[in-house]
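Single-structure report; data block below.
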Amino acid sequence: MKDFFGTFDIWQVLSSFIFLIAIIDPFGNIPITISLEEKGVKIHPARVCLASLIILYGFLFAGEWILKLFGVQIEYFAIAGGFIIFLMALEMILDVTIFQTGELGGSGSIVPLAFPMYAGPGAFTALLSITAEYSIASLCVSLFLCILVLYLVLIGTNWLTKYLGQTALYIIRKFFGIIVLAIACKLMFGNLATIF
């Protein structure tokens, strides 16, 4: 069990936290949250965060098993995931739409907020990709911290929009986009070097 969880490392926690918070993007999704509230959707921050945490922890622990089921090594998935994350970073930086997700149906805190907006394909890909770089123990802590930040953002959405403004939120999104782009390159080229 100790080997499975690996060694807890504070630098791994900080590094993976910055990466995952950029992917989950609670600040960038503030306009979507406000839009849902304006349409009459009741947002329950605690429910959103609990559901997101359960989904992400479940995928963190079961994701590698799923890869083994299909006979895919984690390094190969990290390269593929790095490419997807690279495209996501381009979306954040260039304000283009590469992934067409369609209309998010349903209402409430679980759908579409917890899934697929916060605990969605991007977060799944990021989690499985960085398990090749970080220990499970460190990822568990960083995930919890990400969801804590998400909770604070959700309960303070109106305040953040009022006092930070759309411009500040836009700059934050761009900043995180550059970080995500750099980590995507590291995932792709680092794992390519490992394989070859």
- Task: Please tell me if LEU139 is within 24 Å of VAL96 (Cα to Cα) and either at pLDDT below 90 or in a helix (DSSP H, G or I) (or both).
- Result: no
- Task: Please work out which one of (1) over 15 Å from MET92 (Cβ atoms); (2) open to solvent by less than 50 Å² (accessible area, probe 1.4 Å); (3) in contact (Cβ under 8 Å) with a residue 12 or more places away in the chain is the condition ALA168 fails and give its number.
- Result: (3)
- Would you call TYR134 over 14 Å from PHE19 (Cα atoms) and either in contact (Cβ under 8 Å) with a residue 24 or more places away in the chain or surrounded by fewer than 16 Cβ atoms within 10 Å (Cβ to Cβ) (or both)? no
- Query: Tell me, which residue of region 144-165 that is among the hydrophobic types (A, V, I, L, M, F, W, C) and open to solvent by less than 40 Å² (accessible area, probe 1.4 Å) is farthest from ALA51 (Cα to Cα)?
  - Reply: LEU160
- Message: Take ILE66 and tell me if it is part of a helix (DSSP H, G or I), of a type in the set (Val, Ile, Thr), touching a helix residue (DSSP H, G or I) at 6+ places or on another chain (Cβ under 9 Å) and within 19 Å of SER138 (Cα to Cα).
- Response: no
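The values are calculated or read from the model by the stated rules, or taken from the named source; none is laboratory data. Nothing here was measured: the structure is a model prediction, and the numbers come from that model. All Cβ positions, glycine included, derive from the backbone under ideal geometry; neighbour counts span all protein chains shown. The area values use the complete protein model at the heavy-atom level, side chains included, leaving out ligands, DNA and RNA. Shrake-Rupley method; radii C 1.70, N 1.55, O 1.52, S 1.80 Å.
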